[in-house]
2 protein chains.
Amino acid sequence: MATANLARSVQDRMQDAIGDLKSLLGDRLTTAEVIREHHSHGESYHPAALPDAVVFPKSTEEVSAIMKISAKHQVPVIPFGAGTSMEAQVNAIHGGITIDMREMNKVVRISAEDLQATVEAGIPRKTLLKALENTGFTFFIDPGADATIGGMTSTRASGTTAVRYGTMRENVMALTVVLADGRVIHTGSRARKSSAGYDLTHLFVGAEGTLGVITEITLRLHPQPEAKGAASCNFPSIRDAVETAIETIQLGVPVARIELMDEAQVDACNKYSKTNYPVAPTLFFEFHGDSQRNVEDQAETVKELTENHRGMGFRSFTTPEEREALWKMRHEAYFANCAIRKGGKMFTTDVCLPISRLADCIVESKKDVATCSFPAPVVGHVGDGNFHMSFILDPTSAAELAEAKVVEEKIIRRALQMGGTCTGEHGIGTGRKKYLLDEHGAGLEAMRAIKQAFDPENRMNPGKMVEPHPLFGDGSAGK
Amino acid sequence: MATANLARSVQDRMQDAIGDLKSLLGDRLTTAEVIREHHSHGESYHPAALPDAVVFPKSTEEVSAIMKISAKHQVPVIPFGAGTSMEAQVNAIHGGITIDMREMNKVVRISAEDLQATVEAGIPRKTLLKALENTGFTFFIDPGADATIGGMTSTRASGTTAVRYGTMRENVMALTVVLADGRVIHTGSRARKSSAGYDLTHLFVGAEGTLGVITEITLRLHPQPEAKGAASCNFPSIRDAVETAIETIQLGVPVARIELMDEAQVDACNKYSKTNYPVAPTLFFEFHGDSQRNVEDQAETVKELTENHRGMGFRSFTTPEEREALWKMRHEAYFANCAIRKGGKMFTTDVCLPISRLADCIVESKKDVATCSFPAPVVGHVGDGNFHMSFILDPTSAAELAEAKVVEEKIIRRALQMGGTCTGEHGIGTGRKKYLLDEHGAGLEAMRAIKQAFDPENRMNPGKMVEPHPLFGDGSAGK
């Protein structure tokens, strides 16, 4: 069937697929250019690429039917959440059918006794948080953006609280997934642990929609802490700040957040969010505990550590208002950066290292960008060894983009040499494919064997993640 | 090549393989019956099955060479650690070459700053703990037995401390693996998180040696807690005990251990370990904290919860000696059970449930065994929803074994119906293969696709885990 169909032109096959999808979904299929444009990109510098059509399924069964139509006519599909991804994971670089999951946005079940919630993939993070209010439990992973839970699962997202609560890897317990041929599988279970068979759940977490379409997710919840606190402290150098973070982790202080900003980032945030932090490398902490006393103990321990590393002006934030203002400022860093350079386009690095090498990597990378044409403030999820340099580019300048790519490559090669990874939480998409071979060596072949086993016709988000890259592959990516 | 070789008898191919292995390893290959017998079984009721030869490689390169010989002559291999597995994972049911990993027992690196250790797969758990002494860090996963880290990785082991520190799934960061054709891959990295490609690490964790031979493991370490405490409390019913455990977890008390014993298990342990706990359903707690005060706070909170659930005789154990005596008793439960019935053979169930269903499942399962011919005491890692019934069988009685299998099937089907899994930590091996289809449905086909992609010739520990089972498959297991 596939062969017969492939003999026809891709345009003809696409028209047939759209016809079948129209019969299936009616108004929930669209080919309107404005909608396709909206689905052609995430939040980054990557060039937009329009799908041929966008569909809005309401159930796993409909997603299964869509995948069968994709199989029948041999056309690509691209799963789409909130469009907040950073590495072009949603761009339809080979055209195809974009599956917008946002009509699948229900909470299926909250099980407080089991500290679990099951949700449909298209539910936005903040909608879930709303549904969890007054249950005593919450979902802590916070990538900043109001991404969908399905999107966060597919990019193995994390953010500021991963140091205590883990990433999506640690918080997804079970999945419903539609495979390339339309089969529906359920991975994992509602039990907290299992030794029953291969770990399919973790195979789909972070696969960027290249192995299947995730339609339901069972998440681990955490109790709302009885007490919270926050603090900030600035340092004479990045190294002092990072050493403080390392010792905090080593001592086992269960910090809920430990975020780094360099002086350029603090300056940008002060200007945008009207705050007045000293313009210096700064750590921001959040503490969660089962009592006020426990939170104060954590803060006291951390304060002592900062003093051992030349920390200055340790500030405690004890009221909810102060804490909110602090994290509002942190979450506005993206907009603060946009404001540095009117109309600037963001290019964000995302390396993650063994924490012992983090200070070295940041210090060296700051030297790399010192002579660049664009600003490059630094934020870091420093408890995880992960930091971002935000290159704020002139969107009309090909030269700046080229310059950015050269610097990113330098930073990534340094991180790999230090035992790290090219991406801590943003993913591979298209832009980082060329680093997978360096990072994984022969492991990349194993990944491709998995792709081949699950999607032999390369219809699942083609051109992303592990597919052969022109630089070292056979160049036959996509259709 | 494979086809040509398969035309020859398996005996001839095995003799050729043994010849090649002898050239490679000299004395580190043996065909002595006493050694083969020693490698023919783990710790359970499953019938022993001797390999044709046992090899003792000293490096990843040697394991790679062994796999190339396996490929050349098309003979099976079975990775072997300490032989403490419970589900015949190491039994050579189709003959072949057993790779005893215990000559690969070095600590490769301890990185205190990164809270990581890299070890060779054959290192026994207690040897690693010894190496970590005086570093301030330790590795908490404790399945009871002195298993090798490679064996624990391959069965996705856990044990008494998983409630706080997670299972091998949460604590393995990176692996070196030799694939079926001898290729060596490195999965994961030393960074705490990554979004770079498919999660190969979690694919090998729990794969029981059916996808590759794990030769090196990078583990997450945890700081030694500043303070520890322990407690016990007995209850009028299993349900009261389990409700107490649920509330402890819900409140976010970070208990390091929360273990259940039923009255039969307490009685057996009292007799064997000369303790005097009241013969009633009992919870045993361990608390880890960054201060004595923090530990006392945890104990106080838990004490209140026990009182809300008719707990009686709450005992705190504050000295190291008392705590050691408590956990010694708990770890001797296996021997205590053996002593109930002289020469008895152990058949252990291992279901794991959403914790909200745990009490129901234990209560119902105790009814199932009430009329059985053998004793069946219960221990539970109750914070995880995991419990074991230990059927203590007459090793000469086929009737008792048959009876045990019928009861286990009842218990497993109940657990699956309640949203749980057939095995929380012991694995599939041969005995539980028939439940994988019920548990995973079409997901089992996805697992088989992975097996096919990684080991198309079915040489990696054949007959275990996902291979077609005679009950529902094509019956063509093994050679």
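The values are calculated or read from the model by the stated rules, or taken from the named source; none is laboratory data. Everything numeric in this text was worked out from a predicted model, so none of it was measured. Backbone-built Cβ (ideal geometry, glycine too); neighbour counts: all protein chains shown. Protein only, heavy atoms only, side chains kept; ligands, DNA and RNA dropped before computing areas. Shrake-Rupley method; radii C 1.70, N 1.55, O 1.52, S 1.80 Å.
Looking at residue A:131, is it buried (at least 21 other Cβ atoms within 10 Å of the Cβ) and of a type in the set (Gly, Ala, Ser)?
Judged against the criteria, residue A:131 is not a match.
It is to be established whether one or more residues within the range A:273-284 are of a type in the set (Val, Ile, Thr), over 27 Å from residue B:255 (Cα atoms), away from chain B (no Cβ under 13 Å) and open to solvent by 10 Å² or more (accessible area, probe 1.4 Å). Walk me through it before giving the result.
From the range A:273-284, those of a type in the set (Val, Ile, Thr) are A:275, A:279, A:282; that's our starting set.
So of that shortlist, the ones also over 27 Å from residue B:255 (Cα atoms) come out as A:275, A:279, A:282.
Remaining after also requiring away from chain B (no Cβ under 13 Å): A:275, A:279, A:282.
Checking the rest, the ones that are also open to solvent by 10 Å² or more (accessible area, probe 1.4 Å) come to A:275, A:279.
Yes, because at least one residue in the range A:273-284 is of a type in the set (Val, Ile, Thr), over 27 Å from residue B:255 (Cα atoms), away from chain B (no Cβ under 13 Å) and open to solvent by 10 Å² or more (accessible area, probe 1.4 Å).
Output the residues belonging to the range B:314-355 that are at pLDDT 95 or above and among the hydroxyl-bearing types (Ser, Thr, Tyr).
Result: B:316, B:348, B:349.
Output the residues belonging to the range B:302-325 that are assigned to a helix (DSSP H, G or I) and more than 15 Å from residue B:228 (Cα to Cα).
Narrowing the range B:302-325 to residues assigned to a helix (DSSP H, G or I): B:302-308, B:320-325.
Residues satisfying the conditions are B:303, B:304, B:305, B:306, B:307, B:308.
Considering each of A:423, A:430 in turn, give the residue that is among the hydroxyl-bearing types (Ser, Thr, Tyr), open to solvent by less than 30 Å² (accessible area, probe 1.4 Å) and within 14 Å of chain B (Cβ to nearest Cβ).
Values: A:430 fails: open to solvent by less than 30 Å² (accessible area, probe 1.4 Å).
Within the list A:423, A:430, the selection yields A:423.
Which of the residues that make up the range A:39-56 are surrounded by 22 or more Cβ atoms within 10 Å (Cβ to Cβ) and among the aliphatic types (A, V, I, L, M)?
A:53, A:54, A:55
Somewhere in the range A:12-32, is a residue open to solvent by 60 Å² or more (accessible area, probe 1.4 Å) and hydrophobic (A, V, I, L, M, F, W, C)?
Taking the range A:12-32 first, the residues open to solvent by 60 Å² or more (accessible area, probe 1.4 Å) are A:12, A:15, A:22-24, A:27, A:31.
After this cut, where a residue has to be hydrophobic (A, V, I, L, M, F, W, C) as well, the list is A:24.
Yes, because at least one residue in the range A:12-32 is open to solvent by 60 Å² or more (accessible area, probe 1.4 Å) and hydrophobic (A, V, I, L, M, F, W, C).
Can you name every residue in the range A:178-196 that is more than 7 Å from every other protein chain (Cβ to nearest Cβ) and touching a Lys or Arg at 6+ places or on another chain (Cβ under 9 Å)?
Scanning the range A:178-196 gives A:180, A:181, A:182.
Kindly establish whether residue B:199 is within 9 Å of chain A (Cβ to nearest Cβ) and more than 22 Å from residue B:101 (Cβ to Cβ).
Yes, satisfied.
If a residue has to be at positive phi and touching a Pro at 6+ places or on another chain (Cβ under 8 Å) to count, how many in the range A:263-294 make the cut? Walk me through how you get there before you give the answer.
First, pick out the residues of the range A:263-294 that are at positive phi: A:274.
From the residues that got through so far, the ones that are touching a Pro at 6+ places or on another chain (Cβ under 8 Å) too are none.
Residues meeting the conditions: 0.
Give the residue, chosen from A:48, A:17, that is in a helix (DSSP H, G or I) and at pLDDT 95 or above.
Going through A:48, A:17 in turn, the sole match is A:17.
Go through the residues of the range B:294-303 one by one and say whether even a single one is loosely packed, with under 15 Cβ neighbours inside 10 Å and over 25 Å from the mean Cα position of the chain (by Cα).
Yes, the range B:294-303 contains at least one residue that is loosely packed, with under 15 Cβ neighbours inside 10 Å and over 25 Å from the mean Cα position of the chain (by Cα).
How many residues, within the range A:177-200, are open to solvent by 10 Å² or more (accessible area, probe 1.4 Å) and closer than 24 Å to residue A:104 by Cβ?
Count: 7.
Only one residue in B:453, B:402 is facing another protein chain (nearest Cβ under 7 Å) and surrounded by fewer than 18 Cβ atoms within 10 Å (Cβ to Cβ), so which one is that?
Checking each option against the conditions leaves just B:453.
Would you mention how many residues in the range A:337-396 are within 12 Å of chain B (Cβ to nearest Cβ) and either crowded, with 21+ Cβ neighbours inside 10 Å or under 19 Å from residue A:279 (Cα atoms) (or both)?
17
Condition (residue is among the small types (Gly, Ala, Ser) and away from chain B (no Cβ under 14 Å)) applied to the range A:299-306: is it met by at least one residue?
First, the residues of the range A:299-306 that are among the small types (Gly, Ala, Ser): A:299.
From what is left, the residues that are away from chain B (no Cβ under 14 Å) are none.
There is no residue in the range A:299-306 that is among the small types (Gly, Ala, Ser) and away from chain B (no Cβ under 14 Å).
Given the criteria open to solvent by less than 20 Å² (accessible area, probe 1.4 Å), among the hydrophobic types (A, V, I, L, M, F, W, C), on the phi < 0 side of the Ramachandran plot and within 14 Å of chain B (Cβ to nearest Cβ), does residue A:172 qualify?
Against the criterion (open to solvent by less than 20 Å² (accessible area, probe 1.4 Å), among the hydrophobic types (A, V, I, L, M, F, W, C), on the phi < 0 side of the Ramachandran plot and within 14 Å of chain B (Cβ to nearest Cβ)), residue A:172 qualifies.
Just to be sure I understand the filter: pairs with C-beta atoms under 8 Å, separated by 6 or more residues or on different chains, first member in the range A:241-257 and away from chain B (no Cβ under 11 Å), second member in a helix (DSSP H, G or I) and open to solvent by 30 Å² or more (accessible area, probe 1.4 Å). Which pairs pass?
As it stands, the answer is A:244/A:308; A:255/A:164; A:256/A:164; A:257/A:164, since those pairs meet every condition given.
Using the structure shown, decide if residue B:318 is open to solvent by 10 Å² or more (accessible area, probe 1.4 Å), closer than 17 Å to residue B:257 by Cβ and of a type in the set (Ser, Thr, Tyr).
Against the criterion (open to solvent by 10 Å² or more (accessible area, probe 1.4 Å), closer than 17 Å to residue B:257 by Cβ and of a type in the set (Ser, Thr, Tyr)), residue B:318 qualifies.
Out of the range A:110-163, which residues are closer than 19 Å to residue A:205 by Cβ and more than 16 Å from the chain's Cα centre (by Cα)?
Correct list: A:115, A:116, A:117, A:118, A:119, A:120, A:128.
What are the residues in the range A:204-234 that are within 11 Å of residue A:154 (Cα to Cα) and either surrounded by fewer than 24 Cβ atoms within 10 Å (Cβ to Cβ) or of a type in the set (D, E, K, R) (or both), if any?
A:208
Given the conditions (1) more than 12 Å from chain A (Cβ to nearest Cβ); (2) more than 30 Å from residue B:357 (Cα to Cα); (3) open to solvent by 30 Å² or more (accessible area, probe 1.4 Å); (4) aliphatic (A, V, I, L, M), and given that residue B:460 satisfies all but one, which numbered condition is not satisfied?
Just one mismatch for residue B:460, condition (3).
Filter the range B:57-113 down to residues that are touching a Gly at 6+ places or on another chain (Cβ under 8 Å) and open to solvent by 40 Å² or more (accessible area, probe 1.4 Å), then give me how many there are.
Qualifying residue count, the range B:57-113: 6.
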